1. Give me the net charge of residue 74's neighbourhood, meaning all other residues with Cβ under 9 Å from the Cβ of residue 74; Lys, Arg count +1, Asp, Glu -1.
2. Around residue 105, which amide H atoms from residues at least 5 apart in sequence, or from another chain, sit under 5 Å from its own amide H, with H modelled in the peptide plane?
3. May I ask for the equivalent-ellipsoid semi-axes of segment 36-100, computed as the square root of five times each C-alpha gyration tensor eigenvalue and listed largest first in whole Å?
4. Give me the 1.4 Å probe accessible area per residue for segment 33-173, excluding ligands and nucleic acids, in Å².
5. On full extension of the chain, what length is gained from residue 86 through residue 136, given 0.36 nm per residue of separation minus the C-alpha to C-alpha distance?
6. What would the Debye formula give as log10 I(q)/I(0) at q = 0.22, 0.26 Å⁻¹ for the alpha-carbon point model of segment 86-173, no solvent?
7. Direction-averaged shadow area of the convex hull around the Cα atoms of segment 63-102, nm²?
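The values are calculated or read from the model by the stated rules, or taken from the named source; none is laboratory data. Just so we're clear, the structure is a prediction, and the values are computed from it rather than from any experiment. Using ideal geometry, Cβ is built from the backbone for each residue, glycine included, and neighbour counts are taken over all protein chains shown. Surface accessibility is based on the protein's heavy atoms, side chains included, excluding ligands, DNA and RNA. Shrake-Rupley method; radii C 1.70, N 1.55, O 1.52, S 1.80 Å.
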Amino acid sequence: MRSRFTGRSARFALAAVAALALGGAATATATADSGRSTTRPCATGDLSFKVTAETQAGGYYLITAKAKPGIACHLEGVFPSASFGSHPDTAVSPAEQSVSDDVVLGGSTAAYAGISPKSTNNDNGIQFDRLHLSVAGDEENSVTLRLPDTATVDRPIATNWHADRADAVPFVD
């Protein structure tokens, strides 16, 4: 009798596992059908970053992110976690009001974000020569990037990640 009970329990457990597996497959299919990226989210360590100084919109830093060799992932269309120093006043705020499309990275594909170190029209600010950057949600693994020049920082803002570098210009009012 005992072996019969164990046999039923095992069958119920297998049925439950099969149901979960089928549910997961249906979810993956729905995700793929809806056009949502099926790659995993990028972590800061999955990417290599480059910073260039741009003159448009009063001057800003263009951050270019590429996946490291052999990695395919996506960046959510939100602004990067970044700061010029450890004080909360040096952390970037969003320059855009909504979320952009995800950017799928792999091979030579790049994502772009623009960071304006100064969104104010005054002579205030603190000077920095480095930027601390991470993918939103992965702040514990930030990287420190040397800026191409010294930045005067006062209420910095950043665009979301974009597939087109022209969309990564942080216009300041």
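1. Net charge in that neighbourhood comes out at -1.
2. Result for residue 105 returns 73, 74, 75.
3. Values: eigenvalues 109, 45, 37 Å².
Rounded to whole Å, the semi-axes are 23, 15, 14.
4. Value returned for segment 33-173: 54 Å² of accessible area per residue.
5. 16.3 nm
6. At q = 0.22, 0.26 Å⁻¹ the computed log10 ratios are -1.27, -1.51.
7. 3.9 nm²
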